[in-house]
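The values are calculated or read from the model by the stated rules, or taken from the named source; none is laboratory data. Because the structure is predicted, anything quoted here is derived from the model rather than measured. Positions of Cβ are backbone-derived with ideal geometry, glycine not excepted, and every protein chain shown enters the neighbour counts.
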């Protein structure tokens, strides 16, 4: 790969771009734009921000990701979960500092972008592996429920609010007397229409003679149809006078580039939410990117992906947008509609730019209930409780992690939910890696092979203990090795020689070295020698740089068989 | 072990207690008491609290640990690092909430005790293994420097303060004109005296014909001699009139049992410092307990230790004390002086109770400079920069962790230092466990053994890829396995069969199962079969509960040789 391609992955496809690819990308761009118009407005509403913030987050960030991202089909922009998290973060901060919600969201995007890019430059992409997908899916299910409940207020035309399931239900219940029936008819109507399209749209269209593939793409137009229909209904029937809340005036024109507010108070209040949004947004993006990439043998570079998403968020912040990430549904549509390269996203960005420049006056009478309905239908698809049953069959620990994460997210809000998910994931990993794999081995008679005494009929002597360590030795497993050796060596009074078979030890850290020294000393005090066999070259070099061998009570042998024979000889058993 | 012994470990030694053991324990108790009187007062001073708080923390907590702890010789009470951390936590909170420093320290001890006990009941003791000893020693070195600098103000008799090395040096420099020479003479004199005793006390006493063992114990009396000498000097010369700060009136009597202040504001401000103190205190205690336990074949139960320390801290809080933990120097003296059981600590607690009841009036004229001098001499022994050089030879990653932790602790204070140490430790562990050990294996000709192709001359076919996974499969390593299989299978166009040798897979979690399903599907699309060999019983049972085998493109074989032969047969290579 050329060095320039590594810095700017877009150069790879730009060199060989042709007319065929262009027409494929163009079709995908048109379809994604049609999806993105209502989504960008809806997710701005979900985040508690003016509608234009959603449009702005769908222009420059897409173009910047197209240049720096490593996926050819990932569609970046506002998404449901990140918008909900933005609402949670921005609401509090705005109340406590007096900064406007929009300014806080912009700073949040800038912080998140800076963190993502920094993680990418530090090559920390591997850390995403430590967030269990199972835990993330539990978090997404719970968040989707909170999102759906939070949007009910727009369907009912009431002022309810809250961050947790308890607060939301209580608030909706208290405000239900204010119910606005015109709003409810619009919202409920759009929900029913979208659900019908989702469940039977494709089969209906194929009956009309449209190919299954085209029918699937056509159903994506449903939200825009709902937008147009309800705008027409509201403006022709004058429903806004009946109390139907509408989007209202959206400024016309492209976003102005501006520097975010980096005041200390704002950074102090937003760094943690920014970190949590970054983590969840990144994990979601990479998982979507990998799923799609897998279908066309495309590798996603975790670190480049961090840089791409980071740059997109910084671009969003500097052009007045909210935090963005790779969205699942839009990316799948982009892929299915035939997008070949990120040129599709560049064109989508241009189309949304055109919308911002010329079409925003048409959106004046768009009811908020329509947008809320599209959000509700979109997030209901994310709710998946089957993971509880599925994990139960595989691992009870996973089920516990799922239930805890769902419970905390629903009961204490998204920020607590993500934090809990991260802690639970890392806790599970630590628990599972706290005990290294160590096997007691013996000689298979007639050979020079050593195998686990529990699973093979092997030759052993009560005076010789041979342990094979199947991992590198680190602070986290060193004390377990120590306990294991002591319990094996001291509980059986006959042991005179311990042999550590170091076949799989690629590295030893300083704590593990100190532990080995302590083991050697304590065994020596009991008249037991410590011997090593099959020590790898680099480990040997490292040990030679210390004074370990000066104090070692036993010997170092090239092969385990050699060690076993020598020790057997010393005991007069050979 | 009896169930009652498990709940109350003290029952073990109580049953067989005799006169011989009593006299051993009594001698140890006397010597530890002599050490503990100046230390308890000094660490209260270091924590910014009245002297009696230190005494109170040295009565009930010792007795409670004696009943619930699992170490027979650990000496629990106020220690330097925990007291410094208390000072940092309590100083801020006291300034912002108006609660007295003593009340805040008591709440801190209660929170820390509750957390430790809860971790113990949840059996989370294993988590301590994930805090690298190397990182902890770096933190201790940096903290010792901060402690020594923070005590210089008492030696100089000035008002300086601060939490970081920068603040402390600046503040001392600014206040140096206020220097009180009488105080300086006392402080410097005590430092010189204690250093001399430390460096040549033992050889001096042995020249007087005292046995080396007794001489070592006798040197522990030096701080008490300094206390007596300086009390006499101050009261006879009237030095307090010269501006020598003294401890002053300490209330006479035993601590009153009282309920700590559990107001929400205090808990919100103190839970994080309490958690950090708990972690550091616990890790230190267990490491001291294990070191001493190792010398007499005594096992330390990590979870019981959490419960013992937790109960001791709760006891400290309810009797007006500050956070306590197992101290290194006192525990070593307790052990060396011949303590056999925790009865020694019970007696020490009784002796300190007697001091509180009757002797506090004698301490009125004790100069703070004397206490500061004992602290400085004690913590200087903790400073150890050699770890930088030692780790450099073994692991550069460890050296980086050490330097970062030292730098953050010195530059940003102890709380930032501990947090950083924990993050660095977990980060190192995650990095080291992010790539599972996976080997490509082939058949050793003439045998049924399969070995790593990189290290053995083995039989392989370009159509067959056999990978041996040397670990259980979890979310954290599943995607690495996926990448590894794809790169091996797709970069080489000839592969037709993949065999996963599952010898070391003890467990598969839900994410890993999903990953295996994805691998199977993607290989199938490329016309490659996925086969498993040597799957362990419990893993097989789990997979049978899912529909994994219904979709598996290949077969499951009992042995790797069977798998290899069958696949070779399919290819007509047999």
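All conditions in (1) under 30 Å from residue A:454 (Cβ atoms); (2) part of a helix (DSSP H, G or I); (3) within 11 Å of chain A (Cβ to nearest Cβ) hold for residue B:505, with the sole exception of (2). Among the residues making up segment A:221-252, those that are part of a helix (DSSP H, G or I), surrounded by 18 or more Cβ atoms within 10 Å (Cβ to Cβ) and more than 37 Å from the chain's Cα centre (by Cα) are A:233, A:234, A:239. The requirement of being surrounded by fewer than 22 Cβ atoms within 10 Å (Cβ to Cβ), modelled with pLDDT under 90, assigned to a loop (DSSP other than H, G, I, E, B) and more than 14 Å from every other protein chain (Cβ to nearest Cβ) is fulfilled somewhere in segment A:372-384, by at least one residue.
If you scan segment B:113-138, which residues turn out to be away from every other protein chain (no Cβ under 14 Å) and either crowded, with 24+ Cβ neighbours inside 10 Å or free of Cβ contacts under 8 Å to residues at least 60 places away in the same chain (or both)? Please lay out each step first, then the result.
First pass over segment B:113-138, keeping only residues away from every other protein chain (no Cβ under 14 Å): B:113-118, B:120-121.
Those that are away from every other protein chain (no Cβ under 14 Å) and either crowded, with 24+ Cβ neighbours inside 10 Å or free of Cβ contacts under 8 Å to residues at least 60 places away in the same chain (or both): B:113, B:116.
Can you tell me which of B:160, B:101, B:144 is assigned by TED's automatic domain parsing to the domain that holds residue B:412, touching a helix residue (DSSP H, G or I) at 6+ places or on another chain (Cβ under 8 Å) and in contact (Cβ under 8 Å) with a residue 60 or more places away in the chain?
On the way: B:160 fails: in contact (Cβ under 8 Å) with a residue 60 or more places away in the chain; B:101 fails: in contact (Cβ under 8 Å) with a residue 60 or more places away in the chain.
Testing whether each residue is assigned by TED's automatic domain parsing to the domain that holds residue B:412, touching a helix residue (DSSP H, G or I) at 6+ places or on another chain (Cβ under 8 Å) and in contact (Cβ under 8 Å) with a residue 60 or more places away in the chain leaves just B:144.
Annotation note: of B:258, B:226, B:245, B:249, the sole residue that is within 22 Å of residue B:364 (Cβ to Cβ) and out of contact with any helix residue (DSSP H, G or I) (no Cβ under 6 Å at 6 or more places or on another chain) is B:249.
Taking the criterion of being surrounded by fewer than 22 Cβ atoms within 10 Å (Cβ to Cβ), within 9 Å of another protein chain (Cβ to nearest Cβ) and at pLDDT 90 or above, would at least one residue in segment B:398-410 satisfy it? Steps first, please.
As a first pass, look at segment B:398-410 and keep what is surrounded by fewer than 22 Cβ atoms within 10 Å (Cβ to Cβ): B:399-400, B:403-404, B:407, B:410.
Within this subset, residues satisfying the condition of being within 9 Å of another protein chain (Cβ to nearest Cβ) are B:399.
Still in the list and also at pLDDT 90 or above: B:399.
There is at least one residue in segment B:398-410 that is surrounded by fewer than 22 Cβ atoms within 10 Å (Cβ to Cβ), within 9 Å of another protein chain (Cβ to nearest Cβ) and at pLDDT 90 or above.
Put simply, of B:527, B:554, B:572, B:493 the only residue that is farther than 24 Å from residue A:470 by Cβ, touching a strand residue (DSSP E or B) at 6+ places or on another chain (Cβ under 6 Å) and not in a helix (DSSP H, G or I) is B:554.
Does residue B:488 satisfy the criteria of being within 9 Å of another protein chain (Cβ to nearest Cβ), assigned to a helix (DSSP H, G or I) and modelled with pLDDT under 85? For residue B:488, the condition - within 9 Å of another protein chain (Cβ to nearest Cβ), assigned to a helix (DSSP H, G or I) and modelled with pLDDT under 85 - is not met.
Looking at segment B:415-478, the strands (runs of 3 or more DSSP E) lying wholly inside it that each contain 2 or more residues that are more than 9 Å from every other protein chain (Cβ to nearest Cβ) and farther than 26 Å from residue A:473 by Cα sit at B:438-443, B:464-469. The set of residues from segment A:178-220 being outside any helix (DSSP H, G or I) and crowded, with 19+ Cβ neighbours inside 10 Å comprises just one member, A:180.
Being buried (at least 19 other Cβ atoms within 10 Å of the Cβ), in contact with a helix residue (DSSP H, G or I) (Cβ under 8 Å, 6 or more places away or on another chain) and not in a strand (DSSP E or B) is the requirement here; does residue B:481 meet it? Steps first, answer last, please.
Numbers: buried (at least 19 other Cβ atoms within 10 Å of the Cβ): yes; in contact with a helix residue (DSSP H, G or I) (Cβ under 8 Å, 6 or more places away or on another chain): yes; not in a strand (DSSP E or B): yes.
Yes: the conditions hold for residue B:481.
For segment B:261-305, a tally of residues being touching a helix residue (DSSP H, G or I) at 6+ places or on another chain (Cβ under 8 Å), within 26 Å of residue B:87 (Cβ to Cβ) and in a helix (DSSP H, G or I) returns 25. As a summary of the residue check, residue B:142 satisfies the conditions (1) away from chain A (no Cβ under 14 Å); (2) surrounded by fewer than 21 Cβ atoms within 10 Å (Cβ to Cβ); (3) more than 29 Å from residue B:320 (Cβ to Cβ) except for the one numbered (2).
Could you identify the single residue in A:523, A:558, A:513 that is under 28 Å from residue A:459 (Cα atoms), within 14 Å of chain B (Cβ to nearest Cβ), touching a residue at least 24 places away in the same chain (Cβ under 8 Å) and crowded, with 21+ Cβ neighbours inside 10 Å? Reasoning before the result, please.
On the way: A:558 fails: crowded, with 21+ Cβ neighbours inside 10 Å; A:513 fails: under 28 Å from residue A:459 (Cα atoms).
When all the criteria are applied, what remains is A:523.
So, residue B:508, is that one assigned by TED's automatic domain parsing to the domain that holds residue B:458 and under 30 Å from residue A:425 (Cβ atoms) or not? Explain how you work it out, then say what you get.
Working: assigned by TED's automatic domain parsing to the domain that holds residue B:458: yes; under 30 Å from residue A:425 (Cβ atoms): yes.
Yes, satisfied.
If you go through segment A:530-551 and pick out every residue that is farther than 23 Å from residue A:490 by Cβ and not in a helix (DSSP H, G or I), you end up with 6.
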